[in-house]
1. Going down the table (Lys82/Lys181; Lys143/Lys192; Lys259/Lys287; Lys28/Lys222; Lys6/Lys28; Lys6/Lys259), which pairs top 24 Å between alpha carbons?
2. Just subtract the alpha-carbon distance of Trp104 and Lys262 from 0.36 nm times their residue separation and send over the number in nm, one decimal.
3. Just the number please: accessible area per residue for the range 181-306, 1.4 Å probe, all protein chains included, in Å².
Amino acid sequence: MKGQNKLFIAIIIALILGVGIGGIVHVKYPESAEPFSKNIKLLGTVFIRLVQMIIAPLVFTTLVVGIAKMSDIKMIGRVGTKAMLWFISASLISLFIGLILVNWLEPGHVTKLPIQDVASADELLKSSKSFSLEDFVKHMIPKSLFEAFATNEVLQIVVFAIMFGVALANLGEEYAQPVVKLFDIIAHAILKMVGYIMWFAPFGVLGAIAAVVATNGFEIFKVYAIYLRDFFFAIGVLWVVLLIVGYFILGNRLFDLLKRIKEPLLIAFSTTSSEAVFPKLVEELEKFGCNSRVVSFILPLGYSFNLDGSMMYMTFASIFIAQIYGIEMTIGQQITMLLVLMLTSKGIAGVPRASLVIIVATCSMFGIPPEGIALILPIDHFCDMGRSMTNVLGNTLATSAVSKWEGQLTEPLDKV
């Protein structure tokens, strides 16, 4: 059995145990529910802090390495520009779809949970009233990289990493290569840490669910059913939008393309990994008639910059957590969150459970209790199925579209 499946089973077992333990406390010992919740919730706190611990170095190293290696865009020029325009447009559309639908469907308003950290919520309410352009600029531009690292100011780290990565890319390979290689090694070491930390997730789930059920009873499960229903509806809307755009560009050849990628889509859905189908996707796109040079450039770039399903999920989940804790966010704050997600999500693409890491960082940034992520962790596997499959579709359409725009889309090499 693969490690990912073992982790999924462990999380399900932890969920069942958490429900059972929390239910017993809620029904049999209601007077002990509050102290019990306070203590067992520490398991969730430990998991969240472990995730927060690796956010800053992970964002910094992966983004610097990614940008430093993007000097190829200058050589490819026109193709790279078209690709980036597609990626940015698709990301913004995905984020906006998530934002619009989560506000319309309001899955988090089914029930209200008490905010564990009342002080941070009060601070959010005060700061949101006085939120200004000056505050945003101060929040975005670091006065010290070390301060940004110490306080987990992800947006400030992103700004510095972009500037540093661009500078490295323009230094020349002789000077830049050793630094890029060092950061690449650090990034891979941190990715290993992410794998280790995720194995503590079942304990975090056990603590979070037991605490919630002990305090709120079984009402929380109504939230899960509605959350999954609304999320997959949102994914369906995103698919419709992507396929309509694809049809306008590719015409009837879109249906041929969908037939060719049905296997990669199913693999991505069942394994929750869009990376697992990368070699197969390259093969099918070249058979479809895409230029091999375009495929070899755009597809890897797309895996870093064009994760449509993950982008939509990040706004959906972040606002959902705010809703479930009863935190009202203004349209201005939500748009700001969307732009922050647009930037931060580019830093750790390809990381296992990257969406969760980014959501934790974003929630912390906007004063939303980050421990709320533990509430959706038990069903994240099901959401990840939809996200991964959508990411594969988005990258397939991006590669095919740019090939068509470049006049590099030939007749299929074989018949499906």
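The values are calculated or read from the model by the stated rules, or taken from the named source; none is laboratory data. Predicted model, so just to flag it, every value in this text is computed and none were measured. Just the protein is used for accessible areas: all its heavy atoms, side chains included, with ligands, DNA and RNA removed. Shrake-Rupley method; radii C 1.70, N 1.55, O 1.52, S 1.80 Å.
1. In this structure, Lys82/Lys181; Lys143/Lys192; Lys6/Lys28; Lys6/Lys259 exceed 24 Å between Cα atoms.
2. 53.7 nm
3. 45 Å²
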